[in-house]
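Notes follow the structure.
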Protein chains: 2
Amino acid sequence: MTDFDPPLRLHLDGNALVSNWRFLQGQGGAACGAAVKANGYGLGAREVVARLRDAGCRDFFVAHWSEAAAIADLVPPEWISVLNGIQPFDISSIQQLGAVPVLNTPNQIAMWKASGGGACHVMIDTGINRLGIGPEQIANDLFDGLDIDILLSHLASADADSEQNGRQLAMFSQFAKEIPAKRRSFANSAGIMLGPDYHFDLTRPGIGLYGGVERAEMATGISPVAHIAARVLQVRHLNAGDAVGYGATYICEEPTIIATASMGYADGYLRSFAGRGVVYADDVALPVIGRVSMDLITINASAGSSLSEGDWVSLPFDLPELSAQSGLSQYELLTTLGQRSDRIWS
Amino acid sequence: MTDFDPPLRLHLDGNALVSNWRFLQGQGGAACGAAVKANGYGLGAREVVARLRDAGCRDFFVAHWSEAAAIADLVPPEWISVLNGIQPFDISSIQQLGAVPVLNTPNQIAMWKASGGGACHVMIDTGINRLGIGPEQIANDLFDGLDIDILLSHLASADADSEQNGRQLAMFSQFAKEIPAKRRSFANSAGIMLGPDYHFDLTRPGIGLYGGVERAEMATGISPVAHIAARVLQVRHLNAGDAVGYGATYICEEPTIIATASMGYADGYLRSFAGRGVVYADDVALPVIGRVSMDLITINASAGSSLSEGDWVSLPFDLPELSAQSGLSQYELLTTLGQRSDRIWS
C-alpha cells in the first residue's frame with residue numbers, strides 16, 4: 001500500500017461547530033439555518049452539514065448548484081437553498097435535484113414561472129446592491145403565481161454599528177409585509193447579534209459557525225473550529241548574520257535555532273503572515289521568520305529548543321488574531337485553506 | 001441527470017504551458033524538469049504532467065508523497081522527485097511507490113541508509129537556510145554508501161540581481177565537485193535566466209511554466225496559461241449616491257450600471273483586488289467596485305453597456321499585472337485558485 005502520513009493536518013472540532021450554531025440559534029426565537037457555501041467555508045461542506053443536521057438545523061445555504069448536488073444525499077433536498085439563482089439550461093437538473101433556487105432577478109422569476117415553477121425563494125436587495133431584486137424592479141405583478149417559501153435580503157454592514165443596518169431593516173420589514181412568502185430571512189452571523197428585530201423567521205449564519213467573530217458580542221459564545229498541525233522537517237543551528245528564506249529578508253541577529261515546517265501558502269498560510277505570524281510548540285509561541293514559501297515555513301525555534309525533526313507545531317485558528325497578523329479577512333483565512341492536509345474531525 | 005453548467009470556468013492553455021517549458025529548456029544545454037508541487041501550482045498536476053511528459057520532460061518535482069502518488073500512473077515513478085524528504089513510517093510506502101526522495105537532513109540520510117536505500121537525491125543548503133543539509137552538517141562519511149542521483153540546492157534570490165546568487169553558485173559548484181552524484185540541479189525559473197553557469201545538468205522551473213514572470217528577461221518567452229471566465233448573474237442600473245457591497249465602501253458618483261459576476265474570494269479572487277481589479281467584457285476593461293464577496297464580484301459595467309445577465313466576463317491571468325493589483329505574489333495567485341470552477345484545458 002502506498003499510504004502516506006501527510007505532514008500537515010487540519011483538525012476540525014465538530015463540537016465547537018455545533019456549539020457555535022447553538023449559540024447563534026439561542027439569540028432569539030427564530031429558526032437558525034447555516035451557510036455552507038464554498039465547501040462549508042473551506043472546512044468541508046459534507047462534514048459540516050451532517051453535524052448541523054444532527055443538531056437540528058433544517059436550512060442550508062449554498063451558492064452554486066454543484067454545491068447543492070454535493071450535499072443532497074445528506075438532507076432532504078428542499079432543505080437546501082441555492083443563493084446564486086438559476087440559468088435557463090440548468091432548470092431541468094434543478095427540478096430533478098429538488099433543491100430550492102433563490103431567485104435574484106425579474107428574468108429569473110420569469111424563467112422559473114415559465115418552467116412550471118414550484119417552491120422558490122426570492123432575494124430582495126435592500127441596499128447591498130450586489131445580488132437580488134432591486135426596489136426599482138418590483139412591478140405590481142412580479143410575484144404573481146410564484147410559490148415563495150423564503151423571502152430573503154442581505155445586510156451590507158452588520159459587522160459595524162452603521163446606520164445602513166436600520167435603513168435595510170426598515171426596507172425589508174416593509175417588503176415582508178407586502179410580498180407573500182411563508183418565511184422571511186434577513187440576518188447573517190453579525191446580523192443575529194444586532195438583536196431579535198433582525199431575525200424574522202429564519203437566520204442564516206456562516207462565519208460564526210466556523211469560529212469567526214465579526215462583532216464583539218459574539219466573542220463569548222463563539223469558539224475556534226479549526227487548528228492546523230504542521231510537521232517539523234528540519235531543525236538547524238544558524239549563526240548571527242545568516243539569512244533565512246527567499247530574498248534573505250530575515251538576518252539572524254544572534255545564534256538562532258530554526259525549524260522548517262510543512263506548511264506554506266499553498267496550504268492557505270499566505271505570505272502576508274511573514275514577520276508577524278506565530279506557531280506553537282506545546283505552549284511556546286515561536287515566530288515565523290523570513291518569507292513564507294509555497295510548501296514551507298521557517299520558524300525561530302530558539303525559545304522551543306527541544307523541538308526536533310518529526311515533531312509538530314500548531315496553528316490554532318483564532319480568526320480575529322490571524323486576521324490581524326495577515327491582513328486577510330476571517331473569511332479568506334478559511335476559504336484559502338489548501339487541499340493536501342489530512343482533515344481530521346473530532 | 002443533475003448536471004449543472006458551472007458559472008465559473010478556469011480556461012487552461014496547454015500549448016502555452018508547453019511553449020513556456022520549451023522557452024525555459026532552450027536557455028541552455030541542460031535538461032529541463034518541472035516543479036509540479038501544490039497540484040501543479042494550483043492548475044492541476046495531472047494535466048500538467050501529461051502535457052510536459054509528451055513534450056519531453058523527464059523530471060517532475062513535488063513536495064509531498066501524496067502528490068507523487070497522484071501522478072505516479074502518468075510517468076515512470078523514478079521520474080518523480082519528492083522535495084520534502086522522508087519520515088520513518090513512510091519508507092515502506094516510498095519504496096513501493098518508487099518515486100525518489102530528496103534527502104534534506106543527516107537524519108534522513110541515516111534513515112534511508114538503514115532502510116536499504118536505493119537511488120536518492122540530496123538537497124544541500126547553500127544559503128536559503130530553509131531546507132537542506134547545511135554546510136556545517138557535512139561530515140566526512142555522511143554520503144558514504146549513498147546512491148545519489150541528483151545533488152540539488154536552491155537559490156534564495158534568483159528573482160533579484162543580488163550578490164547572494166553568486167555566493168550560492170560558488171558554494172554549490174564546490175559541493176558539486178566534492179559530493180559524488182550522477183546529476184546536479186540548481187536553477188528554478190528565475191535561476192535559469194541568470195545564465196548557463198547556473199544550469200548544471202538539470203533545471204527545475206516552476207512559476208515560469210505557469211505564466212509567471214519573475215525576471216524581466218522572461219517576459220518575451222513566457223505566456224499566460226490561465227484565464228478565468230465568470231458568468232454575469234445580474235445587471236442593475238443604480239443611481240448616484242447608491243452604495244455597493246459590504247461595508248458600503250463604494251458610492252456611485254453618477255448613474256451607474258453594475259454587473260454582478262460569479263467569482264469571489266473563495267475562487268481565489270481575494271479581497272485585496274477591491275478597488276484595483278479589472279475584468280473584461282469583450283475587450284472593454286471594467287473596474288471591480290466595492291468589496292469582493294465570497295462568491296461574487298460587482299463590476300462597474302457602464303463602459304460595457306451591452307452586458308446582460310448570462311454573459312461572461314473574463315479575467316486573463318497576466319500574473320505580473322494581477323500581482324501589482326492585489327499585492328499577492330504571482331505564486332499565490334495560482335495556488336489560491338478555488339476548486340468549484342470548471343477546468344477546461346485546450
remark   = Summing -39500 (n - 2.57) over every DSSP H run of at least 4 residues in the protein assembly as shown and dividing by its residue count gives a helix-only mean residue ellipticity at 222 nm, to the nearest 500 deg cm²/dmol, of -6500 deg cm²/dmol
request  = Could you point to the residue in B:Pro76, B:Ser189, B:Ala99 farthest towards the positive end of the stretch B:40-191's charge dipole, with +1 and -1 charges on the Cβ of Lys/Arg and Asp/Glu respectively?
outcome  = B:Pro76
5 angstrom amide H check on B:Trp345, placed H, neighbours 5+ away = B:Leu12
query = When each copy gets a label point 7 Å from Cα toward the beta-carbon at A:Arg58, what are the spacings between them in nm, shortest first?
reply = 6.6
message = Under the convention of a label 7 Å out along Cα→Cβ, give the distances in nm from A:Gly29 to the same position in every other copy, shortest first.
response = 8.6
key: Charged-residue dipole, Cβ positions (Lys, Arg, Asp, Glu), chain B about Cα centre, Debye nearest 20   = 380
ask   = Using the beta-carbon distance between A:Trp345 and A:Glu163 and R0 = 45 Å, what value does 1/(1 + (r/R0)^6) give for FRET efficiency, to the nearest 0.05?
value = 0.60
query = Among A:207-213, A:146-152, what's the highest-first ranking by average C-beta atoms within 10 angstrom per residue?
reply = A:207-213, A:146-152
request  = Provide A:His237, A:His64 in ascending order of the number of other Cβ atoms located within 10 Å of each residue's Cβ, fewest first.
outcome  = A:His237, A:His64
ask   = Over all residues in B:228-236, what is the mean tally of Cβ atoms on other chains that come within 10 Å of each residue's Cβ?
value = 4
inquiry  = For Cα pairs less than 8 Å apart in space and 6+ apart in sequence, what is the mean separation divided by the residue count of chain A, i.e. the relative contact order in percent?
reply    = 19
query = When a footprinting reagent is the concern and you count Cβ atoms within 10 Å, what order do B:Arg167, B:Arg183, B:Arg204 take, fewest first?
reply = B:Arg167, B:Arg183, B:Arg204
query = Whose Cβ in chain B comes nearest the axis that rotates B onto A, and by how many Å?
reply = B:Thr336, 3
note = Everything considered on the Cα gyration tensor (a ≥ b ≥ c; rounded for a/c under 1.5, else prolate if a/b is larger than b/c, else oblate), the stretch B:76-115 must be described as oblate
ask   = Points 7 angstrom from Cα along the Cβ direction at B:Lys177 and A:Ala324: gap in nanometres?
value = 5.4
remark   = Between the Cα axis of helix B:45-55 and the main Cα principal axis of chain B, the angle (0 to 90°, nearest 10) is 70
request  = Mind listing the label-point distances from B:Lys113 to the same position on all other copies, shortest first, one decimal in nm, points 7 Å along Cα→Cβ?
outcome  = 8.2
inquiry  = Please compute, for peptide B:31-41, the average count of beta-carbon atoms on other protein chains lying within 10 Å of each residue's beta-carbon.
reply    = 2
query = Relative to the longest principal axis of chain B, what angle (0 to 90°, nearest 10) does the C-alpha long axis of helix B:163-178 take?
reply = 30
Residues A:Thr249, A:Thr298, B:Thr336, sorted so that the one with the fewest Cβ neighbours within 10 Å comes first = A:Thr249, B:Thr336, A:Thr298
inquiry  = How tilted is helix B:14-25 with respect to the longest principal axis of chain B? Cα atoms for both, answer in degrees (0 to 90, nearest 10).
reply    = 40
query = How many percent of DSSP beta bridges within the protein assembly as shown run antiparallel, rounded to 5?
reply = 55
task = Could you work out how far apart the two model spin labels at B:Ser308 and B:Ala50 are, taking each label as a point 7 Å from the Cα in the direction of the beta carbon, and quote it in nm?
result = 3.7
inquiry  = Compute, for the stretch B:14-212, the length of the dipole vector about the Cα centre, with Cβ point charges of +1 (Lys, Arg) and -1 (Asp, Glu) only. Units Debye, rounded to 20.
reply    = 360
ask   = Can you give the mean number of other chain Cβ atoms that lie within 10 Å of the Cβ atoms in peptide A:316-327?
value = 0
query = What are the aspartates and glutamates whose alpha-carbon lies under 20 Å from the alpha-carbon of B:Lys177, with same-chain residues fewer than 8 places away excluded?
reply = B:Asp125, B:Glu136, B:Asp141, B:Asp144, B:Asp147, B:Asp149, B:Asp197, B:Asp201
request  = Rounding to the nearest 20 debye, state how big the charge dipole of the protein assembly as shown is about its Cα centre with +1 on each Lys and Arg Cβ and -1 on each Asp and Glu Cβ.
outcome  = 400
remark   = For the stretch B:14-212, shape from the Cα gyration tensor axes a ≥ b ≥ c, cut at a/c of 1.5 then a/b versus b/c, turns out oblate
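Coordinate-derived values only; no laboratory data. Remember, it's a predicted structure, so these values are computed and weren't measured experimentally. Backbone-built Cβ (ideal geometry, glycine too); neighbour counts: all protein chains shown.
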